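Each remark here refers to the structure printed beneath this line.
What follows draws every value from the coordinates through simple rules; no lab data is involved. Because the structure is predicted, anything quoted here is derived from the model rather than measured. Counting neighbours? That spans all protein chains shown, and the Cβs are built from the backbone with ideal geometry, glycine included.
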Amino acid sequence: MDRTDVIRRGSAGPPPARSDVTRREPQDRTAGFLLVAALVALMWAVEIVDLVAGDLDSAGIRPREPEGLVGVVLSPFLHGGFGHLIGNTIPFLMLGAAIALGGLARVATVAAIVTVVGGLGTWLTAPDGTVHIGASGLVFGFASYLVARGVYSRRPLHLVGGLVVLAIYGSTLLFGLVPTPGVSWQGHLFGAIGGLLAARLLHHRSAVRATI
């Protein structure tokens, strides 16, 4: 019995309305959508600044260089031109919006886990003398999260969502993991691993809450 139940059952007044909770749910989703949109806006702003100022891309992930660790956080916002940025923007928005249906905290948590796992994995394993930039690691992480979420939760909506992601991005996910010169397949791989880890951790947290 939670504290709300105790107050409601022990009070002589009318039970508290549930409308506040109901109102918070769409607001939470809206906040999640806004976060995804804000991240994309920041990517575009950084690319415009890079076009004018130049050489921001050097702040990407530089494997095993201590100063290259800053790229773990910065690299998703750096791109090698607008073609690269556009290629990441569309799937980032679509997949991010699907995750944002679960609210602000969920999309922020998934993005954070994928960024850290994908970035550190790239920093540890990618070849020396390379610089890794782009939001494709986040895109791969978002996609793998949505697929794994359906497997863990077994909810029909989540399962269908995971199947849709596989149908649309399955071939891209597969070929993106193939070692290719000039492509940060390490970022793709560890981004996808980060998405799987995020799905597992969030599912476990939800299961624990359900038993309390």
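Return the loop-located trypsin sites (Lys or Arg not before Pro) in the range 103-189 (DSSP other than H, G, I, E, B) with at most 11 other Cβ atoms within 10 Å of their own Cβ; answer none if there are none.
Sparse-neighbourhood loop trypsin sites (Lys or Arg not before Pro): Arg154.
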Handout entry: Contour excess over end-to-end distance, with Cα ends at Leu124 and Val70 and 0.36 nm allotted per residue
Key = 18.1 nm
Exercise for the section: For n ≥ 4 DSSP H runs only, could you compute -39500 (n - 2.57) per run for the chain, divide by its residues and tell me the 222 nm figure to the nearest 500? Expected result: -25000 deg cm²/dmol
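Can you check what the net charge comes to around Val49, using other residues whose Cβ is under 14 Å from the Cβ of Val49 (Lys, Arg +1; Asp, Glu -1)?
Values: positive: none; negative: Glu47, Asp50, Asp55, Asp57.
Surrounding charge for Val49 is -4.
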Exercise for the section: Can you run the Rg to Rh ratio on the range 31-211? Use alpha carbon positions and the Kirkwood inverse-distance Rh. Expected result: 0.97
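Which helices of the chain meet both criteria: a Cα extent of 18 Å or more along the helical axis and a mean Kyte-Doolittle score no lower than 0.5, with helices taken as whole DSSP H segments?
On the way: long enough: 19-53 (50 Å, 0.70); 82-100 (25 Å, 1.45); 104-125 (31 Å, 1.58); 136-153 (25 Å, 1.04); 156-176 (28 Å, 1.68); 185-211 (39 Å, 0.33).
Length and hydropathy pass: 19-53, 82-100, 104-125, 136-153, 156-176.
Stretched out fully, how many nm does the piece from Arg200 to Leu159 gain, at 0.36 nm a residue minus the Cα gap?
Full extension of this stretch gives 13.3 nm more.
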Completion exercise
If each K or R counts +1 and each D or E counts -1, the residues other than Thr130 whose Cβ falls under 15 Å of its Cβ total -2
